[in-house]
Structures are given as C-alpha cells and as structure tokens.
Amino acid sequence: MPAHPPAGRPDDGAEDALFGLEDIDTGQASRARADAGPLFRDSPTARRLLSVRAIFAEPAAAASPRGRQILARYPDAEIVPVASHWRIPDLHGNEGNVERWVRIKTETLVLGEKKTLATRPNGRSADWIAPGPANGCAMACAYCYVPRRKGYANPITVFTNIERTIAHLSRHIARLGPKPEANQCDPTAWVYDIGENSDCSVDALISDNVADLVRAFARWPAAKASFATKFVNPDLLLLDPRGRTRVRFSLMPQSDSKLLDIRTSPVESRIAAAGDFLDAGYEVHFNLSPVVLRPDWERDWSLLLRHMDDVLPARVKDQAAAEVIMLTHNKDLHDLNLGWHPRAEDVLWRPGVQQAKRSENGSWNVRYRGEVKAEAVATMRALVAAHAPWLRIRYAF
Ligand code: SF4
C-alpha cells in the first residue's frame, strides 16, 4: 500500500478528460429541498459570524455570475475594486490590525479569481489536496495556520471561478482512473481535501461554491471530497452528497476549545450534528485535533471521548474514523497572539516540551519534542481504545 499516491501524474490537460464541462453543474443557485424553511445563512446567528460591510473585489470576479450572487447577498456592503486579491495593503499587513483582526474577519470579504489550479499529493489526511473554494476564515482559532498565507488579518477570499476548479478536478480524477489499492485515506475512492485553506461550512454561508463541489463529487464515482470543519452549518444538510463528501468534525475538549477556537461552534454541537450529516448522505469522520498538552489534558480528552461514546448513534460509530494531530505552533503566530489573546499562549507556547524547526518559508514552526509527542500519541491511542473503541484511528502524529 503506497504511503503516497503517484505524484504529478495527472495534470490539468483537457484532452484525457472523461467528463465534459457540460456534465458539471456549476453556478446555479442552491436547489434547497422544497420543504426547507429559511436558510441558516440568512439567520441572525450566521449574520453575527459574517456581517459584511466591505467587499474588496477584482473586477472580473465581481462581474462573474458567482461574484454577482455574492454581491447581491450583501447589498449594503461597500465594494472596493482591487487589482489582485493577493495584494490588499489595508488587509494583509500584520501590523496595526491586531485589535481589528476579528472585526475584519466579520466585516470584510474578498472576491478573486483563482489563477493557478494545482492538485498536490498528500497521502495522510487525503490522497490529494485540491484547490479549494476559498482562502481565509471568518473564525479565529489561536493556533490556525491559514491566516499566515495573507498576513494575520486574513478575511475570506472567495474564488468566483469555481467552474474552473471543478473542471480541473474532473480532469484530474479522469486521468487517475480507479484507485488501484486501498489505503488509510479510503478503501476505494481517491480522497480530495477541498478545505485546506478555509472552513467549507463557513464558506457555504457566503456562496454556492461548496454546494457546487459537493454536487460535482456526488457524480464522480472514483473520488470523494473531504473537509475538516469547526462550524455546524445546517444548510449543508440540504445538499445531496450521496456519500461522496466526507465531513471531518474537528474536536477537542470544550475547555480548550473555549480558549482557543474563537468564534467556532461549540464542540458538543459539532458532535450532536454528526447523525444529521450522516443521514443527509455525508460520510462523517472526526479530527481529534489539535491535541494541546497542558495539565489534565488526558482527563479532558477522556471526558470528550466518553461523551462521544454516550451520544453518538450506532450508525455514526459504524462508519466513523479519526485523525489525531498534535499541536503545531509557530513563533510569529505566538508573537502575534501575545498582542490580542495572550491567555491562549499559556497553553500553546511551552518551550520546555517543544522544539522549533525552520519551515520552508523561513518562519519557525514549533512542535512537541520527539519523545513528548510519541508518548502523547500513544496516550491518545490508549484513550480512544479505552473510551471509544469503535473509533478507528486513520493516522496519528
Ligand atoms: S476554523 Fe480552521 S481555518 Fe478557521 S480559523 Fe479555525 S483552524 Fe483556521
């Protein structure tokens, strides 16, 4: 069983595509079920997370059907034309924005077109990392690596040319053909992570990009979409994923989540939603992550696992699997957090048990020391075996 899928085999060429663009259903308004009431994304709760007042938009993105759909959702927002979604000095600098970080995430959107489409091999959480529907997040987890891509005050950039992404994926899947052998990502389907740089549940509050991806994967028998989320968006229950989208609810003890997962749905509600998502046609997995080592962490993870064992229905347990991921932190993020949320650093920054390693982009990533991490991974495995033995661990590191 190869640890990684063959790298670089499929490319973005169109000639070998098995699926024509006419097969791809994009750019349509959501087809909510006839009996569905008002959409959650129009509720006061959703508006508290995203109350958009300014939209920085590339002209072509604003003029596109998806762009116009988004602008129509926020008729009172000021539209600010920008040459590129990558270079918006007011938003992307790190300095001066610390106090306004969360407000920028709430009140600002960026519309852009994804220029470069690339699918990268992964082999751990998914077989492949797909180009996503968006970049950035309206939530503000203190350990999140996503904000670093565009500076720390990084609101959501929605990519309005989702049809190009879907066409790219169609060609990629067609070139791969059937999955030759089972691996821990999935026994039969190529798994594509569509949420590397955003939280798809929140992206679905803004546009139909995620709905279009879910709909596309529902028609691709050799592939499966996958995304991790910390937000419960009931609108996703109105889609018809036909088992071809895996939702991975990220979980951690509520006391950690309260301190670190700023603006996310409560952990209990993520667990409570699992049955509904399964019934709606999703595969439901769990990310036990990040595991943050601090006093009594073992006790609180035990309580969480026991809670899962108590409340999750058998049908969820029967198909569930989990990823266990120890915290990775970052020196620059640590410095930034000290400016707006220093209490988080009491548990995230523990030099006595961590070691720093220079990353590819030159910043310092901080992880638990080898022996500390190995012991913690073994402890997590033992806790799962003791309290949630039905939960298969896909990988732990
Ligand atoms: S929900 Fe995910 S993407 Fe959003 S801030 Fe938290 S870790 Fe980052």
When all C-alpha to C-alpha distances in segment 244-397 are sorted into bins of 10 Å, what percent of pairs does each bin hold, rounded to whole numbers? 10, 38, 33, 16, 2
LEU251 long-range amide H proximity, modeled H, under 5 Å: ASN287, LEU288, SER289
Pull up all non-local amide H partners of ILE129: gap of 5 or more, or a different chain, and H-to-H distance under 5 Å with H placed in the peptide plane. ARG120, ASN122, ASP193
Just flag the chymotrypsin sites (Phe, Trp or Tyr not before Pro) in segment 109-201 sitting in loop per DSSP whose Cβ has no more than 16 other Cβ atoms within 10 Å. TYR145
Over the chain, cysteine residues that find no other Cys C-beta under 4.7 Å are CYS137, CYS185, CYS200
Surface/4 estimate of mean projected area, convex hull on alpha-carbon atoms of segment 340-397, nm²: 6.0
Restricting things to alpha carbons, tell me how big segment 98-197 is in terms of Rg and Dmax, in Å. 15.9, 51
Number of Lys pairs in the chain closer than 17 Å at Cα, excluding neighbours under 8 places apart unless interchain, is 9
Between beta-carbons, use under 13 Å as the cut-off and find the net charge around ASN122, counting Lys and Arg +1, Asp and Glu -1. -2
How are the Cα pair distances of the chain distributed, in percent, across 10 Å bins from 0? 5, 23, 33, 28, 11, 1
Output ³J(HN,Hα) for segment 355-369: one whole-Hz value per residue in order, computed from phi by the Karplus curve 6.51 cos²θ - 1.76 cosθ + 1.60 with θ = phi - 60°, and x for Gly and Pro. 9, 9, 9, 5, 8, 4, 8, x, 8, 9, 8, 10, 10, 5, 4
Sequence gap at least 6, Cα distance under 8 Å: using those rules, report the relative contact order of segment 244-397 to the nearest whole percent. 26
What list of ³J(HN,Hα) values in whole Hz, one per residue of segment 340-348 in order, does the Karplus curve 6.51 cos²θ - 1.76 cosθ + 1.60 (θ = phi - 60°) give from phi, with Gly and Pro shown as x? 10, 8, x, 5, 4, 6, 4, 9, 7
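Rule-based calculations on the coordinates, nothing more; no lab input. Please read all numbers here as calculations on a predicted model, not as lab measurements. All Cβ positions, glycine included, derive from the backbone under ideal geometry; neighbour counts span all protein chains shown.
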